[in-house]
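Where a number appears in this text, it was derived from the coordinates with a stated rule and is not lab data. What you see is a predicted model, and the numbers here were worked out from it, not measured in a lab. Note that each Cβ is placed from the backbone with ideal geometry, even for glycine, and that neighbours are counted across all protein chains shown.
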Ligand SMILES: [Zn+2]
């Protein structure tokens with residue numbers, strides 16, 4: 001079972017590899033990712049976040065878009081179009097528990113990817129859905145929210161995260 005990795009786990013800073021064969025190990029990885037996302041109440045998750053350097057993301061696409069029949073597993077996703085209009089996006093990340101970041105995201109984008117059953121899919125996304133896809137696809141290149149803030153902010157976020165981790169460690173020691 002793949003487990004959630006928290007910052008500064010090294011896999012969060014590495015580039016994931018393109019997937020050639022969608023074999024049983026990839027299907028198992030996707031399953032694990034869906035359950036880690038569900039258990040932790042996330043809306044998206046990239047493979048780097050469970051320590052697997054494979055280009056695969058899972059996203060609650062139907063909920064975020066309001067469209068039925070969208071896949072929730074995207075393999076080798078690529079952004080093919082991105083609006084020049086950017087919006088402020090208030091985001092959290094399962095690898096940075098208890099933190100919220102405000103970052104810039106394109107208001108809309110189009111991605112192309114493979115589904116788990118090896119079909120090519122193209123998805124158009126707006127607002128929160130677009131932000132979520134952009135966030136997860138950046139993870140595959142080793143980019144996380146903390147890379148998108150200033151140096152001063154970065155220090156503040158790391159301090160907060162460390163305090164939170166201590167609190168959790170204290171609780172689980174009891
Ligand atoms: Zn994230």
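Cβ neighbours within 10 Å, averaged per peptide: list 76-85, 47-56, 91-100 in order, most packed at the top.
Descending packing order for the listed peptides: 47-56, 91-100, 76-85.
Given the DSSP H assignment, sum -39500 (n - 2.57) over each helix run of at least 4 residues in the chain and divide by its residue total; what's the result at 222 nm in deg cm²/dmol, nearest 500? It would help to have the intermediate numbers written out before the result.
Numbers: 4 runs with 58 residues, N = 174.
Taking each H run of at least 4 residues, the total per residue is -11000 deg cm²/dmol.
Mind running the shape call on segment 10-173? Use the C-alpha gyration tensor, a ≥ b ≥ c as the square roots of the eigenvalues: rounded below 1.5 for a/c, prolate if a/b tops b/c, oblate otherwise. Intermediate results must be reported in sequence, preceding the final value.
On the way: a/c = 1.81, a/b = 1.30, b/c = 1.39.
Oblate shape, in that a/c is at least 1.5 and b/c is the bigger or equal ratio.
Taking the Cα-to-Cβ direction at residue 81 and at residue 98 and moving 7 Å from each Cα, how far apart do the two end points lie in nm?
With each label placed 7 Å out from Cα toward Cβ, I get 4.3 nm.
At a Förster radius of 25 Å, what calculated FRET efficiency corresponds to the Cβ-Cβ distance of residue 117 and residue 39, to the nearest 0.05?
With R0 = 25 Å, the Cβ-Cβ based efficiency is 0.55.
Once the piece of chain linking residue 25 and residue 172 is laid out straight, how much longer is it, given 0.36 nm per residue of separation minus the C-alpha distance between them?
Answer, rounded to one decimal: 49.7 nm.
So how far, in whole Å, is the C-alpha centre of segment 99-123 from the one of segment 16-65?
Result: 13 Å between the Cα centres.
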